[in-house]
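Read the figures in this text as sums done on the coordinates, not as results from a lab. None of these values were measured; they are calculated from a predicted model. Virtual Cβ from ideal backbone geometry, glycine too; neighbours counted across all protein chains shown.
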Amino acid sequence: MGKAMKNREGAVMVLGGGIAGIQAALDLTELGFYVYLVEKSPAVGGVMAQLDKTFPTNDCSL
Amino acid sequence: MLTNADFLALEGTAGNFTATINMRPRYIDADACTACGLCTQYCPKHHVDPYNEGLAITRPIHIDYAQAVPATYYIDPSSCLFLQHETCQICVPVCQSHAINFKQQPEERKLQIGAVILSPGFGKIDPKTLEKFSYGKHPDVVTAFEFERMTTASGPFLGEVKCFSDGRHPKRMAFIQCVGSRDIGCNNGYCSSVCCMYAIKEALVTKEHDPEVDITIFYIDIRTQGKDFDAARERAEAIGIKFVRAKVADVTPWENRLQLTYATLDGQHKFEPFDMVVLSVGLESPKDAQKIADITKIDLNKYDFCATNGFNPLQTSQEGIVVAGAFQGPKDIPESVTQSSAAASLTAASLKKVRGKGVELKIYPEEQVVAEGDEARIGVFVCHCGINISSVVDVASVANYAGDMKNVTYYTENLYSCSQDAQEVIKKKIKEHKLNRVVIAACSPRTHEPLFQETLRDAGLNRNLFEMVNIRDQCSWVHAGEPELATIKSKDLVRMAVSKARHIQSLPEQTVPVTPKALIIGAGVAGMTAALNLAEQGFESVLIEKGESIGGNLKNLHHTLAGDEVQSHLKTLVTKVNGSKNIDVICNAELVQTAGFIGNFSSVIASGHGKTKVEQTFDHGVIIVATGGREHRPDKYLLGKSKKVVTQQELEKQLAGKAKTRAPGSIVMIQCAGSRGDDLNYCSKVCCNHALKNILKVKEINPESQIIVLYRDMRTYGFAEDAYLEARKMGVVFIPYEVDRKPEVTEKGGKVQVRFFDSIMQEEMVMNPDLVALSVGIVPDDTDTLSKLLKLPVTANKFFLEAHVKLRPVELSVSGVYVCGLAHGPKPVDETIVQAQAAAAKAAIPLVKGHVTVDPIVSSVEQDKCIGCGLCTSLCPYGAIVMQKVDGKRKAETVSASCKACGICAAHCPTFAISMGGFTNEQLISQIEAFGATGDR
Amino acid sequence: MADQEFNPSILGFLCNWCCYAAADAAGVSRFQYPPNMRTLRVMCTGRIDPAFVLRALAEGADGIFSGG
């Protein structure tokens, strides 16, 4: 994600680092923006990281 | 990435916000922590593990799970002995990398940002709501979240399902649906939209563990309305999971079991004992929803979720702030992922002017030339991974063993090969010893190869001159009890890798330029939305429509369930599309031919009829498929034969008209007419809501109208549940029917008659309504032609199949082709709009970059050896090898940008003309030979 | 040989995306299994030329494992 710079232009804050926040952050970086992904817990991943398998294909979720 | 951070304040306006963030201390230096886990082993204090839903004990100093990102441990101050009582500090000397720092203080940071995306997720239902089910009173009543951790193979019980009370395996289990959802009692009137799915999933997983267990799911409606979700429900029924439509009144402990009291539809009260009860708890609005709203000044809806509008579903009430995921309304993973991409595209459009300004590009030193004939100078680095490897494998002996091998110029051990200082050592050694191949024996290349390849590039080596040996995940961790054999295995694996390394070669970094233009097929709401979003991001598109004019299905709709006018919105949309410089609209058009690959497609579009028919060729970089769908017309229930039988869409049109009799006095609606195992094998997702919006409209025009709805499951998921409740309050009667006892519609003397079995009164009923309205479902518009033209897979139900159902919901298996709208699966307008925005985000990625990078491990054809048999072309699953005439002879050629490196072509080529970068025959054979050469270890 | 335990030497071809990932996951979960297999990572089991299997047998493998 590059190194932090002061007062960078075109930065976006994504609040919440669950699957939604992570996806938004990844897409935004790919679209040419700097992202601050702000998560209140010590790790990103959210609830999806707690899931064993996912419906309906029962794929592994990690 | 700012973790352990609280959002405190937001000032400024769209394009120029300042956010204040408080970074709470981790008490561990993230750069120094190597995630070895020693500290957790030594920490003496217990800490209830929230990651495992409190089912396990960890320590205050810990990491939630092995794959956590960032892979840095942290100290939970709430239970740390030092932070609470200033004692202990055992962890400080234990940590070999001196990462623990109790002096860390909270740090406030100001972020200058142009826009905000809110994705705070969802909250948990108050345990008070669960008390009537004996939750908290009896240990064998668990929430589905707790049960999920229990069934997880890597969870605290290694996937074993047992009762907490006495450790026995449950023989009879009950799932109770709608706990904390569709429940006015706890002020959650909405449906949480995910619980039916996870309950079925968990029941299926439990059955997999123990086929003998008897499972009953108690439900009001089973809402498996998502794409191909019904099939999973049927699978569950087929393996013996019971579904009982009943409201559970309470759960009471009864001897060592639990007794359920429930009422079935026909009014009977029943009691039944179970060993274990799982509560399918709903999704609450996030705990800090109100706080977020106060800081950002966005509006919330009455359930404290973010308030948005159906035609702009992710825009909050504040400009520059969009929402994604469960905060917008309860939803599952694919929809959250779709919304996130859509939120990214909206943000990208609003900040178009500053795109690319905040991102720095990294510059690498010039690459050292390593020619084929150069002597291999291999450096071998064997990692201790703290004690993860070295506690089992004799690392020094493995390193020495490698040192004796031919071509190994340098060898050493690292405590942590992945640490920042180790990268510096590796770079230094590459230069010092003129290494031209690097072998690292450590953990998995799946996680760490990119890191080390980056180091190689920094040292001026081609990143493919690298080989990794997995002696942790696939050796020390799995052979903990056999250190000698694990050491031998490590040596064997290192020998194989070194042997391969002698043959590895530099591979060129390939990039392909992109034509910054999109082709969008279908100009319904999906295609128009995608085109507009791309236009706002600054990209041109060609929008083709097979019909006379743009608009699609929106032309048939008049109002939404939320009460918004569709036609005026459509008008705005059409005006915007027609007025955009960036959108080239072609009607009466179809795609004739497409050649090329991501970034470089070339398509022939035919438009017009007869003599005016013209063919045009366009170059474009991406394709968005938005071919849509239409109302299914079943040959059933006298549809098309009686004037008194109409579809919901026809009723909607009638209601939008001016006729005095447009809202008849008595209506029978039949749901799933043709759907769900009838003509169509799937649920069409929108029909229940469609019926409800018509019901509310009829009632608005003619409050006296009597309406009966015959349904199988009312699938008014999310906030639409409110409308369902409202309709029932207005006296609309909803009666479920069974699939083997469908209603019958007949006509006699101009009067239409409906005969059905009333499952509430338990008797046969006959009605003579003024009108019968059928909810008929959605079928995709012809997907066969396009599927063949673009090599796109479709599902059994003829919808396009996305690349990954959960994580890549708008991408198709062919790179550079994206899907949205009804062509992907039935869905309402708001979800279509979001999906179109998401497709635009994904399509914009290669357009923004201007080039696509191709992973160098792709196939390549040696033209001299190729005999042009075409076997590879027919076998390639990605259409990435094409036959071309070279000097009059047929020769195969790889389309690098489409190649996924599977190697099927190379394995099948009869003349060994195809080689896989990084996995050549020579390399693999030398690896196999080394496998056999066990003599000298 | 009769009273000796059979201790085969196995070469495993593992697909990077599934079986190799699964083997990593087994490690993360600390599942224990006998250390008889040597692994060779490929990007897809489609890469496995039957000639590789024969070659491995000729080199002394007692068994071949293919996981994808």
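Distance between the C-alpha centers of segment B:545-599 and segment B:613-638? Whole Å please.
So the separation of the two Cα centres works out to 11 Å.
What lysines could a cross-link reach from B:Lys297, if we take a straight Cα to Cα line under 21 Å and drop same-chain neighbours fewer than 8 places away?
A:Lys40, B:Lys110, B:Lys287
How far is it, in nm, from the label point at C:Val53 to the one at B:Thr447 when both lie 7 Å from their Cα along the line to the Cβ?
Distance between label points: 3.3 nm.
Give the separation of the Cα centroids, segment B:719-763 to segment B:846-904, in Å.
58
For segment B:378-501, taking Cα atoms only, what is the radius of gyration to one decimal and the Dmax to the nearest whole Å?
In Å, with Rg to one decimal and Dmax whole: 13.1, 41.
For the pair B:Lys353 and B:Arg741, what calculated FRET efficiency results from E = 1/(1 + (r/R0)^6), where r is the Cβ-Cβ distance and R0 = 56 Å, to the nearest 0.05?
0.35
Express in % the proportion of alpha carbon pairs of the protein assembly as shown at distances exceeding 37 Å.
57
If each of B:Thr264 and B:Glu590 carries a label point 7 Å out from its Cα toward its Cβ, how far apart are those two points in nm?
Taking the simple label geometry, B:Thr264 and B:Glu590 are separated by 5.3 nm.
Relative to the present Cα-Cα distance, how much length would full extension add between B:Lys571 and B:Asn768 at 0.36 nm per residue of separation?
That pair, B:Lys571 and B:Asn768, stretches by 67.0 nm at full extension.
Rounded to the nearest 5, what % of the DSSP beta bridges within chain B are antiparallel ones?
55
Quick one: compute a quarter of the convex hull surface over the Cα atoms of segment B:63-181 and quote it in nm².
12.9
Please report the relative contact order for segment B:123-284, taking Cα pairs under 8 Å with a sequence separation of at least 6, and give it as a percent rounded to a whole number.
Relative contact order for segment B:123-284 comes out at 31 percent.
How large is the helix-only mean residue ellipticity at 222 nm for chain B, computed as the sum of -39500 (n - 2.57) over DSSP H runs with n ≥ 4, divided by its residue count, in deg cm²/dmol to the nearest 500?
Helix contribution divided over all residues of chain B: -7500 deg cm²/dmol.
What three numbers, in Å, describe the spread of the alpha carbons of chain B along their principal axes, ordered from the longest?
98, 83, 58
Where in segment B:8-51 does the label zone of B:Ser317 land, with the point 7 angstrom along Cα→C-beta and an amide N cut-off under 20 Å?
From segment B:8-51, the list is B:9-15.
What full-extension length gain, to one decimal in nm, is calculated for B:Lys287 and B:Lys729 as 0.36 nm per residue of separation minus the Cα-Cα distance?
The span from B:Lys287 to B:Lys729 would gain 156.1 nm if fully extended.
Residue by residue through B:661-672, how many Cβ atoms from other chains fall within 10 Å of the Cβ on average?
Mean inter-chain Cβ contacts per residue within 10 Å come to 0.
For segment B:273-427, state the semi-axes of the equivalent ellipsoid (square roots of 5 times the eigenvalues of the alpha-carbon gyration tensor), sorted largest first and rounded to whole angstrom.
So the three semi-axes of segment B:273-427 are 53, 28, 14 Å.
What distance in nm lies between label points placed 7 Å from Cα along the C-beta direction at B:Lys103 and B:Glu548?
Computed distance between label sites B:Lys103 and B:Glu548 equals 8.0 nm.
Sequence neighbours fewer than 8 away in the same chain don't count; with that in mind, list the aspartates and glutamates whose C-alpha is under 15 Å from B:Lys660.
Counting by Cα, and skipping residues close in sequence, B:Lys660 has these aspartates and glutamates nearby: B:Glu652, B:Glu700, B:Glu704, B:Asp770.
Too long at a 21 Å Cα-Cα cut-off: which of B:Lys302/B:Lys729; B:Lys353/B:Lys842; B:Lys352/B:Lys546; B:Lys207/B:Lys331; B:Lys555/B:Lys827?
As for pairs spanning more than 21 Å Cα to Cα, those are B:Lys352/B:Lys546; B:Lys207/B:Lys331.
In 5 Å bins starting at zero, report the fraction of Cα pairs in segment B:859-916 per bin as a rounded %.
Spelled out per bin, shortest first, that is 4, 23, 38, 23, 10, 1.
Share of antiparallel DSSP beta bridges in segment B:631-779, in percent to the nearest 5?
Percent antiparallel among DSSP bridges in segment B:631-779 is about 40.
Please arrange B:Ile90, B:Ile363, B:Ile176, B:Ile241 by how many other C-beta atoms lie within 10 Å of their C-beta, fewest to most.
B:Ile363, B:Ile90, B:Ile241, B:Ile176
Let me know the Kirkwood hydrodynamic radius for chain C, please, with Cα pairs as the basis and the value in Å to one decimal.
13.0
For peptide B:414-423, how many partner chain Cβ atoms fall within 10 Å of a residue's Cβ, on average?
Mean partner-chain Cβ count within 10 Å for B:414-423: 0.
GNM, chain C, Cα, under 10 Å: largest mean-square fluctuation among C:Phe31, C:Phe13, C:Phe52?
Highest fluctuation of the listed residues: C:Phe31.
Given 0.36 nm per residue, what is the gain on full extension from B:Lys653 to B:Asp678 after removing their alpha carbon distance, in nm?
Here the segment from B:Lys653 to B:Asp678 would lengthen by 6.4 nm.
Across peptide B:923-934, what mean number of C-beta atoms from other chains lies inside 10 Å of a residue's C-beta?
Rounded to a whole number, the mean comes out at 6.
Suppose a student asked you for the relative contact order of segment B:378-501, using Cα pairs under 8 Å spaced at least 6 residues apart; what percent would you report?
The value is 33 percent.
About the Cα centre of the protein assembly as shown, how large is the charge dipole given +1 on each Lys and Arg Cβ and -1 on each Asp and Glu Cβ? Please answer in debye to the nearest 20.
Computed about the Cα centre, the dipole is about 2160 debye.
Out of the DSSP beta bridges found with both residues in the protein assembly as shown, what percent are antiparallel (nearest 5)?
50
Assign one of three labels to segment B:320-377, namely rounded, prolate or oblate, based on the Cα gyration tensor with a ≥ b ≥ c the square roots of its eigenvalues; rounded applies when a/c is under 1.5, prolate when it is not and a/b is larger than b/c, and oblate otherwise.
oblate
Just report the Cα centroid separation between segment B:373-388 and segment C:23-52, whole Å.
Each part reduced to its Cα centre gives a spacing of 21 Å.
Would you mind calculating the relative contact order of chain B from Cα pairs under 8 angstrom and at least 6 residues apart, reporting the percent as a whole number?
11
To make sure I understand the rule: partners must be lysines, Cα under 21 Å from the Cα of B:Lys132, and not fewer than 8 residues away in the same chain. Which ones qualify?
Straight-distance partners of B:Lys132: B:Lys124, B:Lys247, B:Lys270.
If you take the charge dipole of the protein assembly as shown about its Cα centre, with +1 on Lys and Arg Cβ and -1 on Asp and Glu Cβ, which of B:Phe133, B:Met761, C:Gly12 is farthest toward its positive end?
B:Met761
What Kirkwood hydrodynamic radius do you get for segment B:694-770 when you take the inverse of the mean 1/r over all pairs of distinct Cα atoms, in Å?
With all distinct Cα pairs of segment B:694-770 included, I get 13.9 Å.
Any idea what Rg and Dmax come out to for segment B:826-937 if you just take the C-alpha atoms, in Å?
Answer for segment B:826-937, Rg first and Dmax second: 20.1, 68 Å.
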